[in-house]
Amino acid sequence: MSKFIDIHKEIINCSDGLYTDTISQLPNHQLNIFNPSKGKGFTELYDFNRLCIGKGKYWLSRPLQITGNRHLFSFGITLLLSGTHHIKNSEFDQDYIIESPKIILRRGILGKQTIYLQANKEMSLITLDFDEDLLEILKPLDTSNFFIQFFSNSHSPAIHTLEIPNKDIQHHAQYLLNLPTAKNVLDLLHLEGATLELISLLLKNKQYQHQIPLPIKRAIDILDAQFYKKITIRDLAKQVGINECYLKQFFKETTGYTIGEYLLKTRMICVQSLLKEGFSLEYIAIQTGYSSVQYLKRVFSDFYGYQP
């Protein structure tokens, strides 16, 4: 059995009947169903040797706190997608109150921790746990990447939070969360592939956000939020307060994309995400700003190289 799942089981034993069932006939897989008297939802873990993914989506009818001892040396990434994560760590004598959406990085032996779970508020998250074997594989990829730096520079216990750096990562994490509970080995293989894709997105991220000039950050925020609308460069320049030439120049320098390329990429990511969730092409065309299904199919095919 997985060492990460074993740690989770120890914590479950301290959870005061939070789960009504803990089941799975699949290898290195665990599914926890919430006790209806406590709330509703699930947590699921799958360890595929290099990496253990956990995902959870739940709602509690009353506040609850769980205290456990994380005595295993490991590294971890939590993507908090909804809710508030409140942890008291006895090792550091610190309280962490973390509002979603956030990324939480964990390193080392974190020791005794108490997790305070809110009532009447949905909590959803993805966790990724791994050890030094995977880190040794990842280290040579990009030593400037913040994630690799955090895990490589020291073995001392630490918790660090940061913003989810881009919509690609948030969309893919949400897709992972919404995958049906694994019923067979093929489901686990699909979950493994999607998890590795999430790790790839995290490691490819260049952490541009802290370097972005404010007008360009505003432009990115507008494009991310309104990608389904017809957005002209003139209107965008007026909204962010710089002229069109500077906007085009600085946007390309900052993101590596022209405004049109960025808008297309954002739309295509949304289209692909909606396709994975099973929505019709008619619905997707409306949601992503395309005038017809035929036009959407042509643009998608040009972008990805295959028909949606």
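Every read-out reported here was derived from the displayed coordinates using simple, explicitly stated rules and does not represent laboratory data. Since this is a predicted model, take the numbers as computed values, not measurements. Using ideal geometry, Cβ is built from the backbone for each residue, glycine included, and neighbour counts are taken over all protein chains shown.
Residue under question is ILE115, and the condition is that it be part of a strand (DSSP E or B) and more than 18 Å from GLU197 (Cβ to Cβ); does it hold? Against the criterion (part of a strand (DSSP E or B) and more than 18 Å from GLU197 (Cβ to Cβ)), ILE115 qualifies.
Figure legend. Inter-residue proximity from region 285-301: first residues touching a residue at least 40 places away in the same chain (Cβ under 8 Å), second residues surrounded by 13 or more Cβ atoms within 10 Å (Cβ to Cβ) and assigned to a helix (DSSP H, G or I), beta-carbon distance below 8 Å, spacing 6+ or different chains. Indicated pairs: GLN287/CYS270; GLN287/LEU274; THR288/ARG267; THR288/CYS270; THR288/VAL271; THR288/LEU274; THR288/LEU296; GLY289/ARG267.
Any idea which residue in region 34-63 is surrounded by the fewest Cβ atoms within 10 Å (Cβ to Cβ), counting only those that are among the aliphatic types (A, V, I, L, M) and within 19 Å of LEU176 (Cβ to Cβ)? Spell out the reasoning first.
First, the residues of region 34-63 that are among the aliphatic types (A, V, I, L, M): 45, 51, 53, 60.
Among the residues that remain, those that are also within 19 Å of LEU176 (Cβ to Cβ) are: 45, 51, 53.
Working: LEU45: 22, LEU51: 20, ILE53: 23.
Checked region 34-63; the qualifying residue surrounded by the fewest Cβ atoms within 10 Å (Cβ to Cβ) is LEU51.
When restricted to residues that are in contact with a helix residue (DSSP H, G or I) (Cβ under 8 Å, 6 or more places away or on another chain), more than 20 Å from ALA173 (Cα to Cα) and in a helix (DSSP H, G or I), region 253-286 contains 10.
Residue-wise test of (1) under 24 Å from ILE137 (Cα atoms); (2) in contact (Cβ under 8 Å) with a residue 12 or more places away in the chain.
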{"site": "SER2", "(1), (2)": "yes, yes"}
{"site": "ASP6", "(1), (2)": "no, no"}
{"site": "ASN13", "(1), (2)": "no, no"}
{"site": "LEU18", "(1), (2)": "no, yes"}
{"site": "ASP21", "(1), (2)": "no, yes"}
{"site": "LEU26", "(1), (2)": "no, yes"}
{"site": "GLY41", "(1), (2)": "no, yes"}
{"site": "TYR46", "(1), (2)": "yes, yes"}
{"site": "LYS57", "(1), (2)": "no, yes"}
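For residues in region 2-29 being assigned to a strand (DSSP E or B) and in contact with a Phe, Trp or Tyr (Cβ under 8 Å, 6 or more places away or on another chain), which is surrounded by the most Cβ atoms within 10 Å (Cβ to Cβ)?
The selected residue is HIS29.
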